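Enquirer: Right, I'll just put the structure down here and ask away after.
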Amino acid sequence: MSLVTISRAAQLWSQPGAERDSTAVHQMLLVALDDLCPDDVLCVMVGTDKRWLDNFHGPPRHPEHWRVLLIETHPARVSEVATQHVDDPCLHIEHPTGGSTAALDLDDILARHKQDRVDLIILDASNYEPLSIRSADLESLETKLVIVTGGADHPQAAEFIDEMNAAGFDVFQIDQDLFAVNRTKFAIEASLALRLMGCSDASPTSSEIFHIPEMNVPPARPVAQGPLAIPRRMAHIWVGDRPAPVHWMHSWREMHSDWDYQLYDNAFLTGRRWRNQALIAEYFARKHFEGVSDLMRYELLLEQGGVIAEADSVCLKPIDDLFPTPSLYSVYENEAHRPGYLSPFIAGTPGHKLLEDILRDLGDRHTPETLQTPWISTGNRYLGSFIVGREDEVTIFPSHYFHPNFKSRLPYSGDGPVYADQKWGSTHRIYDSYPAEKAVKIHQEVLDAL
C-alpha cells in the first residue's frame, strides 16, 4: 500500500458525514492484501460471519485470486452455508466434530488441507474464543492480518491484544472489531494508514512514530539505442521439481539465434558452491524456487554478465538494441500497482559493484531462519529498497517493456514498445507438473546435494 493510497484514504475518512464503521477499513486492508500477495490470497474464517461470507468477493479487486477455508463447528450453520454457496469454487468448508470451539486445533486443520500459508484469519468472537488463535503458528504461516469480529468486548480481548503484540502485530479497534496487522509481513504502511484514519490504537507498543523512507526511484525511461555493451549471452534459470516451460523459453532462443545460450538447471545449481549457499538451500527446502533463482541470478550476472530472461515469459521481439551502455538493467514490476518494486536484474555487464554489494548484503542480512517470502527478502521489494541512493548505477525499463499485462489483470494499452509477455507462471499456477513420486524424488535429490 503506497503512501499515496494512505493519504487518499485518510482524506476520505475525514470527510464530513463519512461513515466511521469498520467496512471502509475492511475494504482498504483487503485491497492492500490483494496487491501484497503474489499468488492467491489465502483466507481462513473461524465461524460463519455473514458479513464476510456474503461480501468477501466485493472488497477485493480480484476476487478470483481469493481462496477461503471456513471452519465451522455448528451443524446448522454448516448446512446453511453449504446450501447458499454450493457453486462457489473459492470456498471450502471444514466441519470439526466432537470438540468445543475452544479446543480447535488450527494447525492440525490447516495441515489436513495442505495449507502452509494463511494471509488472513477472520475469527467470529460471538461464537469462538479469540485465543483459539494460539493453535495457529502465525509466523510459519506468514499471516499478515488477523481480524476478530465483535472482539472488542470479549472477555479475552486484553489477553488477545497482549499476545498479538508479542507475536509482532499491531492491534486496532474499529467499532467492535479488532484488527491485528503484522508489522513485518504486512507493509508497515498499513499500520500508519490506520493511525492516520484516527483508528483507536489498542497496542501499547504502537505509540512509536514509524519513519517510512520514500522510495526515491527515478521514473523509468527508454534508453538510447546503440551497439550491444553487454556480453551476447542469453540464459534462463529453471530449478525445482517441475518440468521447464520450454515452449516459452524457446521463444528467446528463436529471437536471438546468434547469441550464446545456457540453461542453469538443477544440475548446474548443485554442481558448484554459491556465496549464499545456506540461503539457497533453505529456499529450495521450502520450495520457494523463485528465491533460489534470485540468488543465483545476482551471482551469475556478477560473474558472466549477459541476459537472464524470465523463464515464464515469451519473447516478442529482439532485445539487441536495449543495452547500449555498460550497466545493470532492470524493469519495474508495475509503476501504478507496485510503485518502486523492481524485477530482479535481467541483464548487465560482468563484475558490476552493485551486484557484489547485493550479494554481501543478503549474506549479512539473512540467516536461513530469517528469510521471508522471496519477493520481500531477495526479490522485487528488496531490490527496490536496496538501490535507493544508487539509482545512477541502474537502468530501469518501463514495465510495459517486459510486463505489459500486470499479473494478467491489467493489460497495457499504450503505444510504447513491448519486448516480452510475462505469463506469471507461479502466480497463476500454470506450470506443468511431474507425477508426485517423481517430483518428490527430484526435490530430495537436489536438497541432498546442496
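Enquirer: What are the residues whose amide H is under 5 Å from the amide H of Ala311, where those residues sit 5 or more places off or on another chain and H is modelled from the backbone?
Expert: Placed amide hydrogens put Ile237 under 5 Å from Ala311.
Enquirer: Based on alpha-carbon positions alone, could you give the equivalent ellipsoid semi-axes of the stretch 316-437 from the gyration tensor, as √(5λ), descending, whole Å? Could you put the intermediate results ahead of the total?
Expert: Working: eigenvalues 115, 101, 42 Å².
Equivalent ellipsoid semi-axes, largest first: 24, 22, 14 Å.
Enquirer: Across every pair of different alpha-carbon atoms, what Kirkwood hydrodynamic radius in Å does the stretch 286-335 reach?
Expert: 13.0 Å
Enquirer: Ranking Met296, Met164 by Cβ neighbours within 10 Å, fewest first, what do you get?
Expert: Met296, Met164
Enquirer: Another one. For Val440, Val118, Val394, what ranking results if the residue with the fewest other Cβ atoms within 10 Å of its Cβ goes first? If you can, show how the numbers build up before the last one.
Expert: Details: Val440 12, Val118 23, Val394 20.
The fewest-first ordering by Cβ neighbours comes to Val440, Val394, Val118.
Enquirer: Among residues other than Leu228 whose Cβ falls under 14 Å from its Cβ, what is the net charge (Lys/Arg +1, Asp/Glu -1)?
Expert: -2
Enquirer: How much net charge surrounds Asn276 when only the other residues with a Cβ under 11 Å from the Cβ of Asn276 are counted, with Lys and Arg +1 and Asp and Glu -1?
Expert: On the way: positive: Arg273, Arg275, Arg360, Arg365; negative: Glu282, Asp294, Glu299, Asp361, Asp364.
Taking every other residue near Asn276 into account, the sum is -1.
Enquirer: For the stretch 233-449, what is the Kirkwood hydrodynamic radius in Å, using each pair of distinct C-alpha atoms?
Expert: Numbers: mean 1/r = 0.0563 Å⁻¹.
With all distinct Cα pairs of the stretch 233-449 included, I get 17.7 Å.
Enquirer: Right, here's the next one. What does the charge count around Leu295 come to, taking other residues whose C-beta lies under 11 Å from its C-beta (Lys +1, Arg +1, Asp -1, Glu -1)?
Expert: Here the charged neighbours net out to -2.
Enquirer: Run the numbers on the stretch 244-401 and let me know its relative contact order in percent, using alpha-carbon pairs under 8 Å that are six or more apart.
Expert: Relative contact order, the stretch 244-401: 29 percent.
Enquirer: Here's a follow-up. For Ser293, Ser327, Ser140, Ser135, what ranking results if the residue with the fewest other Cβ atoms within 10 Å of its Cβ goes first?
Expert: So the ranking, lowest neighbour count to highest, is Ser140, Ser135, Ser327, Ser293.
Enquirer: If the limit is 26 Å between Cα atoms, which of Lys353/Lys423; Lys144/Lys441; Lys317/Lys441; Lys287/Lys423; Lys114/Lys185 go over it?
Expert: Lys353/Lys423; Lys144/Lys441; Lys317/Lys441
Enquirer: What full-extension length gain, to one decimal in nm, is calculated for Ala436 and Gln262 as 0.36 nm per residue of separation minus the Cα-Cα distance?
Expert: 59.9 nm
Enquirer: Right, next: How far apart, in nm, are the 7 Å Cα→Cβ label points at Ser140 and Ser413?
Expert: 4.7 nm
Any read-out appearing in this document is the output of simple, stated calculations on the displayed coordinates, not a laboratory observation. None of the values given here were measured: they were computed from a predicted structure. Heads up, the Cβs are rebuilt from the backbone with ideal geometry, glycines too, and the neighbour counts pull from every protein chain shown.
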